[in-house]
Amino acid sequence: SFPLLCFRAPLVAPLIFGLLLQTPFTQPSTTTQPNFVLFLADDLGIGDVGCYGNDTIRTPNIDRLAKEGVKLTQHIAAAPLCTPSRAAFLTGRYPLRSGMDAINDYRVIFWNAGSGGLPPNEITFAKILQHQGYSTGLIGKWHQGVNCESRNDHCHHPLKHGFDYFYGMPFTLISDCQPTETPEMDRAFRRKLWFSTQMIGLITLTAVLGRLTGLISVHWKTLTCLAGFSLLFFISWFSSYGFVRYWNCIMMRNHGITEQPMVTDRTTSLILRESISFIERNKNRPFLLFLSFLHSHTPLLTTEKFLGRSRHGLYGDNVEEMDWMVGQVLDAIDKEGLKDTTLVYFASDHGGWLERQEGERQLGGWNGIYKGGKAMGGWEGGIRVPGIFRWPGVLPAGIVIDEPTSLMDIYPTVVHLAGGKVPQDRVIDGRDLLPLLRGAAARSEHEFLFHYCGVHLHAVRWHQKDTGAVWKAHYVTPIFSPPGAGACYDRGFCPCFGEGVTHHEPPLLFELSQDPSEAKPLSADTEPLFDTVIRKIGRAVEEHRRTLTPVPEQLSVSNVIWKPWLQPCCGTFPFCWCDKEADN
């Protein structure tokens, strides 16, 4: 009644006033948009970071993020290779939904002059934030394509996908970018091409000598055609593979090329300078900085200051330098007084590359207790990565969450915090992480996660929320070579299909909360719930496949091959060379 309400008002009013004055961890500001700084390492293994158990590689700045924020221990990449994983990260969708996963062995974008890439109709989180008034910048690696039909249409370029500013590599770092390193790109195929060229040349030379000595009766017209074919065959492949450093190892600022080829000695300092400069330029407005590291991908560009500092050779030196770069960016945030208004995120695009070796040197990462690595779509080592969030005053500090989460979750989380809305006209596979990170939710919203290798479904994870169990069924696994080695050392990469994989019927089943190393597959004899779990996962696969629609394959052979008319060129093609950073 009214008198009762009047009597209670003196007691209720102070209580409401007190609640309004509180600033709990769990309530982000609704009046101001936070800044976002997203760090994404390249090929970094979960076992390479101190806060995830490494006690020999020093990563104090990444560890500080974990101490001051939330650490995810079951953070999963949507793909085990760069191009598809990053497509999923940017769009919040499994990469096969955008055509960014492969039906063949070409599982990433191979050339700046290919026509495949992140389709223009995909909506990245950067594009939504741009519409919300954010200044958006990408510094570092892109690897999502450049052009479609002409050298300057830039249909796949970062500026077409929501970024106001881009400085970095449109491609990815490879050993070919370092003149002193052994070429890495398509190494086996290049050997075959060179061998074929030698054989054709030998046949041509033999025919000419036979004609001159009278041992072989061959018409000169035939010899001329054979010699012409030999020359054309050589030119056809050497025009691309013979100039990889000039075609792929370039640096761009927005649409303009600044270095062709890139000068690797100064790449690290330029990327750091550009990152800090972006923060300084945009400190008075909400901004998104996506710092997409070239570390720790081969050839492991490391400045002299860090060489020989770690106990893990060049790879460890490179990781420690990346950690220092993280620290420099965090210092810039602090200097501008932005720490409490900036959400910082750190992750890797997929697991460490176990097979990457040169002689006795191990140039790839370590995935801790987890089986497998880069390129392996099912095993944990290829897809379980570091995942750390920090936002002082909003997210609690020093919290560890062991729930299944995905790199795709960044999409709805960032969009929600920026005041935007996720697209309603397409499937978004990511889930808003904020309730989980704040402690408002105890369980991840993901019930199932689907682990693809190319377009081939290799494994499925079921998060049984009532018990907390995490089941994982493997339908396909790679055949390690040599047997039992834990990786495909004879191939350099584990394949997704064909003779290099094993199909399992019934699937291999693991309970990850009890067996995170996937060492002991369960069976109907050892696990009473085996048949129930397999049926449940099977039904989920059927439902998931009903949500898939055909889209153009961006990584088809016709899209990944080198097309000279699409080659970004600083100069008049084919004389592509410039160094505008030196000019500056």
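Summary table below
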quantity	calculated
Length gained when the stretch Trp577-Lys283 is fully extended (0.36 nm per residue, less Cα-Cα span)	102.3 nm
Check: the chain dipole with +1 on Lys, Arg Cβ and -1 on Asp, Glu Cβ, in debye	860 debye
The stretch 524-584 shape via C-alpha gyration tensor axes, a/c threshold 1.5	prolate
Share, in percent, of DSSP beta bridges within the chain that are antiparallel, nearest 5	60 percent
Greater than 32 Å apart at Cα, pairs in Lys160/Lys465; Lys67/Lys141; Lys127/Lys305; Lys141/Lys283; Lys283/Lys465; Lys160/Lys563	Lys160/Lys465; Lys127/Lys305; Lys283/Lys465
Debye intensity ratio I(q)/I(0), log10, the stretch 23-165, q values 0.17, 0.20 Å⁻¹ (C-alpha model)	-1.10, -1.28
Helix runs (DSSP H) in the chain reaching 27 Å along axis by Cα, Kyte-Doolittle at least -1.0	2-21, 187-213, 220-241, 313-335
Net length gained if the chain between His255 and Asp331 were fully extended (0.36 nm per residue, minus Cα distance)	24.4 nm
Positive dipole terminus of the chain, leading residue within Leu173, Ala442, His297 (C-beta point charges)	Leu173
Segments 436-448, 344-356, 539-551 sorted - mean Cβ within 10 Å per residue, highest first	344-356, 436-448, 539-551
Val218-Arg545 FRET efficiency (beta carbon distance; Förster radius 56 Å; 0.05 resolution)	0.45
Among 307-319, 163-175, the order from most to least packed when residues are scored by Cβ within 10 Å on average	163-175, 307-319
Förster-model FRET efficiency, 30 Å R0, Glu447 and Leu159, C-beta, rounded to 0.05	0.20
Centre separation in Å (Cα based) which lies between the stretch 113-140 and the stretch 209-272	33 Å
Estimated distance in nm for a label pair at Glu304 and Arg361, the labels positioned 7 Å out from Cα along Cα-to-Cβ	1.8 nm
The chain: calculated mean residue ellipticity at 222 nm from DSSP helix runs of at least 4, using -39500 (n - 2.57)	-9500 deg cm²/dmol
Residues listed by number, the stretch 450-466, amide nitrogen under 12 Å from Leu529 label point at 7 Å toward C-beta	462-466
Percent carbon-and-sulfur accessible area, the chain, ignoring ligands, DNA and RNA, probe 1.4 Å	59 percent
Principal semi-axes in Å for the stretch 218-259 [√(5λ), Cα gyration tensor, largest first]	39, 8, 5
Relative contact order (%) - the stretch 355-424, alpha-carbon pairs under 8 angstrom, separation at least six	12 percent
Local electrostatic count, Leu508, Cβ distance below 9 Å [Lys/Arg +1, Asp/Glu -1]	0
P(r) tail fraction, the stretch 187-241 - alpha-carbon pairs more than 12 Å apart, %	67 percent
Solvent exposure of the chain as accessible area per residue, Å², 1.4 Å probe	42 Å²
Principal semi-axes in Å for the chain [√(5λ), Cα gyration tensor, largest first]	46, 30, 22
The chain, relative contact order [Cα under 8 Å, separation at least 6], %	26 percent
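The values are calculated or read from the model by the stated rules, or taken from the named source; none is laboratory data. Fair warning: this is a prediction, and the values are worked out from it, not measured in the lab. FYI the Cβ positions are ideal-geometry reconstructions off the backbone, even for glycines, and counts take in every protein chain you see. All accessible areas refer to the heavy atoms of the entire protein, side chains included, with ligands and DNA or RNA removed. Shrake-Rupley method; radii C 1.70, N 1.55, O 1.52, S 1.80 Å.
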